[in-house]
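The values are calculated or read from the model by the stated rules, or taken from the named source; none is laboratory data. For clarity, every value in this text was computed on a predicted model and none was experimentally measured. Using ideal geometry, Cβ is built from the backbone for each residue, glycine included, and neighbour counts are taken over all protein chains shown.
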Amino acid sequence: MAIDAMAAISPAGDSRAGEVLRLRREISRMQRRRSEHPLLPLDPAFSSLLPEQGLQTGTAYTVSSSPSLVLALLSAASGKGLWCAVVGMPTLGVEAAAAFGIALPRLILVPDPGERWLAVTSALAEVVPLIAVQPGGRVRDAEASRLSARLRDRGTTLLVAESETAGSWPQSEGSIRLHDQRWQGIGEGWGLIEGSTATVTARTRSSPLASSVHVRLPGSTGAVEAVPEETVTELVTLPALRVTDAAPPERPSLAVAG
């Protein structure tokens, strides 16, 4: 591979066109062949989310804009030696990526592609098997169709992070969304974040019925961890709301003074 280490490209102003051309030249030197694998692996914590237990190659998925979710979805493929890229997500942290097990020498970052986000994504799709992108604006149906054709031709999987300005992504294979996130370690204006739990829900064209998993994101080691169902029950059930057959305890009588 031609890129020796993590590449970070932040084009600005008139230099953006030159940066895109340079990116294309670097990509052309990598010469990735089309993947023959129909699926990209997922972390075991997400194995039950999708009916195929992996991301279909040559397709696009709509995902929540959470950097933790994006990194968790990239981690298994990176662990298998595949290249990954993230486009248009300037707040995504390199240390967090490493904590999720992503190999930084095989990670391409394009934090701020500006209006050329689609051109950058299309160029990367030639050689990078898994790309996460947060669109910088709405994409026209014709542009999405051309990108989809390239994804199918190269066997590339695209994760499209939702944003209010971009609207819904056309021709999406399915959605993977994070919700009901709860943080641990924070008091009322004090405390350090120790981690969080969340629910991740997926739907696909072939399986429109929602499938959900409960995870720690991040977990104790920084990566994603599955939360056992009994733990989830304990987290959401308050003792005062439990129903039992026992009679309520007798309350002591109150004395009134004065």
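Worth a mention:
- Residue match in the stretch 59-73 (condition: at positive phi and at pLDDT below 95): no
- Hits in the stretch 46-64 - residues which are touching a Leu at 6+ places or on another chain (Cβ under 9 Å) and part of a loop (DSSP other than H, G, I, E, B): LEU49, LEU50, GLU52, GLN53, THR57, GLY58, THR59, SER64
- Output for the stretch 147-166, where each listed residue is assigned to a loop (DSSP other than H, G, I, E, B) and not small (Gly, Ala, Ser): THR156, GLU162, GLU164, THR165
- Total residues in the stretch 98-141, condition assigned to a loop (DSSP other than H, G, I, E, B), in contact with a strand residue (DSSP E or B) (Cβ under 8 Å, 6 or more places away or on another chain) and surrounded by 19 or more Cβ atoms within 10 Å (Cβ to Cβ): 7
- Any hit, the stretch 230-248, residues being over 20 Å from GLU52 (Cβ atoms), at pLDDT 65 or above and not in a loop (DSSP other than H, G, I, E, B): no
- Whether a residue is surrounded by fewer than 18 Cβ atoms within 10 Å (Cβ to Cβ), closer than 23 Å to ALA166 by Cα and among the polar types (S, T, N, Q) was assessed, and THR59 does not pass this test.
- Hey, ALA144 modelled with pLDDT under 95, assigned to a strand (DSSP E or B), surrounded by 12 or more Cβ atoms within 10 Å (Cβ to Cβ) and on the phi < 0 side of the Ramachandran plot or not: no
- Restricted to the stretch 43-56, and to residues there that are among the aliphatic types (A, V, I, L, M) and farther than 22 Å from SER196 by Cβ, the residue that is surrounded by the most Cβ atoms within 10 Å (Cβ to Cβ) is LEU55.
- Against the test of being farther than 23 Å from SER212 by Cα and acidic (Asp, Glu), the options GLU52, GLU115 yield a single qualifying residue, GLU115.
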